[in-house]
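Before any comments, here is the structure.
The values are calculated or read from the model by the stated rules, or taken from the named source; none is laboratory data. These figures come from a predicted structure and were not determined experimentally. Heads up, the Cβs are rebuilt from the backbone with ideal geometry, glycines too, and the neighbour counts pull from every protein chain shown. Quick note on the areas: whole protein, heavy atoms, side chains included, nothing else; ligands and nucleic acids left out. Shrake-Rupley method; radii C 1.70, N 1.55, O 1.52, S 1.80 Å.
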Amino acid sequence: INSSINNNMQLDLNGKVAIVTGGAKGVGLACCLGLSTEGARAIAVDIDQEALRKIPDPIVGIVADVSVENECKRVVSEIIERFGKIDTLINNVGIEPKDSFRPIHESTLEMWNHILGVNLTSHFLMMKYVLPEMIRNGGGVIINIASVQAFQSETNGAAAYGASKGGLLPLTRIAALRYAQNKIRVLAVCPGAIDTPLIRAELDQDGIKKLGALHPIGRIGNSEEVASVVCFLASSKASFMTGTAVHVDGGLMAQGSWDRKAF
């Protein structure tokens, strides 16, 4: 019986071709590693050439700025030419520059456009060019990495970051409804605070400890915990899930208040 349960819980990602944007570091790299372990061909797309050089085999690295339309088109064409199909797209890339934590009236349009370009427009652009390939392939899975900030906000939060993550939810729902007939599932994953280079650049160790204390579990999460959920959602084990957002947040949304204005 135990053997049967274990076999049933194995993810059937063997031979799948999966793109992960922002795949060279943090949650993106953890997704690549998890997908690869489950038998998929993981392709990390990232603007950080140095980080891409450090990713382990057999993950494939492609240098690109996915906030630029022609770059997205090139990436998809290159992957189709090399691997023949795209089964999974993980739209993970995201930024939250320290300088963006300003009141709206002190913020610049340049910073607003930069954050939305990376965090929201890139997801749209990658979907724009991947979806036709998935339709031709008879189906696929798209997972957009959003945030708990799509549901709740901070007094001193970065407005552009919150807006970009909030925008991913209707994008996910609309795509899920439109392409369900093509056997394409579209989901969002909303992490709480996760120990990544992004958060390490924003907070010192004391700040990370305080942020962890806001979570009912008592700590921030790690990239592997998000990647495990992503791998499950990408598999046929989640075949009846689409158009929804899954929280990976240590209970943050359940408690309903987590404002960190004190630090």
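The criterion of being under 23 Å from residue 240 (Cβ atoms) and over 13 Å from the mean Cα position of the chain (by Cα) holds for residue 138.
Within region 172-191, count every residue that is touching a helix residue (DSSP H, G or I) at 6+ places or on another chain (Cβ under 8 Å) and buried (at least 19 other Cβ atoms within 10 Å of the Cβ). Can you show your working first?
To start, the set of residues in region 172-191 that are touching a helix residue (DSSP H, G or I) at 6+ places or on another chain (Cβ under 8 Å) comprises 175, 179, 182, 184-191.
Next, only the ones that are buried (at least 19 other Cβ atoms within 10 Å of the Cβ) stay: 175, 179, 184-191.
Looking only at that region, the number is 10.
Counting only residues that are crowded, with 23+ Cβ neighbours inside 10 Å and of a type outside the set (S, T, N, Q), region 119-133 holds 5 of them. Evaluating residue 48 against the criteria (1) modelled with pLDDT under 95; (2) under 30 Å from residue 162 (Cβ atoms) leaves one unmet condition, (1). Mind listing just one residue for me: the one in region 34-81 that is open to solvent by less than 40 Å² (accessible area, probe 1.4 Å), assigned to a loop (DSSP other than H, G, I, E, B) and in contact with a strand residue (DSSP E or B) (Cβ under 9 Å, 6 or more places away or on another chain) and, of those, farthest from residue 94 (Cα to Cα)? So the residue we want is 40.
When region 199-208 is limited to residues that are among the acidic types (Asp, Glu) and open to solvent by 60 Å² or more (accessible area, probe 1.4 Å), the one that is modelled with the highest pLDDT turns out to be 206.
Table: residues versus (1) modelled with pLDDT under 95; (2) small (Gly, Ala, Ser); (3) surrounded by 19 or more Cβ atoms within 10 Å (Cβ to Cβ); (4) assigned to a strand (DSSP E or B).
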site	(1), (2), (3), (4)
210	yes, no, no, no
217	no, no, no, no
226	no, no, yes, no
232	no, no, no, no
243	no, yes, no, no
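The single condition among (1) modelled with pLDDT of 95 or more; (2) not in a strand (DSSP E or B) that residue 141 does not satisfy is (2).
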